[in-house]
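Accompanying notes for the structure given below.
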Amino acid sequence: AAFERRVLRSAAEHHYLRVRLELPDGAARPSAALFKQLVVTALRELHGEVGAALPVDVLTYEEKTMSAILRVISSGFVKLWSALTLLGFYQNRRCAFRVLQTSPFLLALSGNSRELVLD
């Protein structure tokens, strides 16, 4: 019996990421427009102008928790994740993006079993 390796790639056009921006206490919370600019800046710093041209959409943004759901074309998924992970400063202050969930399906981000509270 011969061994055959098969690697299947997702046929999804987009990938979705649930991310949270973490800033030190007392730091100003960015608006939705500044949050998007920060994502583009992260892409530009790591991947140059080609990375900054990657189409990324902020589908939802909650300013209170600084969390968002981002949509990116599947071919740019790894570029976006790496750029967000390696970003370290916002307005000359330390910051960090935390990627909380990823999925090729938006519906999969609607709930998180880790945050489920049972009565």
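Just a few scattered comments:
- Computed on the chain, with alpha-carbon pairs under 8 angstrom and 6+ residues apart, the relative contact order is 38 percent.
- Taking all pairs of distinct alpha-carbon atoms in region 62-119, Kirkwood radius in angstrom: 13.6
- Among the chymotrypsin sites (Phe, Trp or Tyr not before Pro) in region 23-119, those located in a DSSP loop and surrounded by at most 16 other Cβ atoms within 10 Å of their own Cβ are PHE105.
- For the chain, a crude dipole built from +1 on the beta carbon of Lys and Arg and -1 on the beta carbon of Asp and Glu, taken about the Cα centre, is about 220 debye to the nearest 20.
- Apolar share of the accessible surface for region 14-102: 52 percent from carbon plus sulfur atoms, 1.4 Å probe.
- GNM top mover of LEU59, LEU109, LEU80 - the chain, alpha-carbon springs below 10 Å: LEU59
- Rounded to 10°, Cα long-axis angle of helix 32-52 versus longest principal axis of the chain: 60
- For the chain, the longest principal axis of the C-alpha atoms and the axis of helix 77-86 are separated by about 40°.
- Loop exposure criterion: GluC sites (Glu not before Pro), DSSP state outside H, G, I, E and B, at most 14 other Cβ atoms within 10 Å. Applied to the chain, the longest stretch between such sites is 64-119.
- Computed with a 1.4 Å probe over protein heavy atoms only, the accessible surface of the chain comes to 69 Å² per residue.
The values are calculated or read from the model by the stated rules, or taken from the named source; none is laboratory data. Because the structure is a prediction, the values reported are computed rather than measured. Quick reminder, even Gly has a Cβ in these numbers, built from the backbone with ideal geometry, and neighbours come from all protein chains shown. Keep in mind that these areas ignore ligands, DNA and RNA; they rest on the heavy atoms of the full protein, side chains included. Shrake-Rupley method; radii C 1.70, N 1.55, O 1.52, S 1.80 Å.
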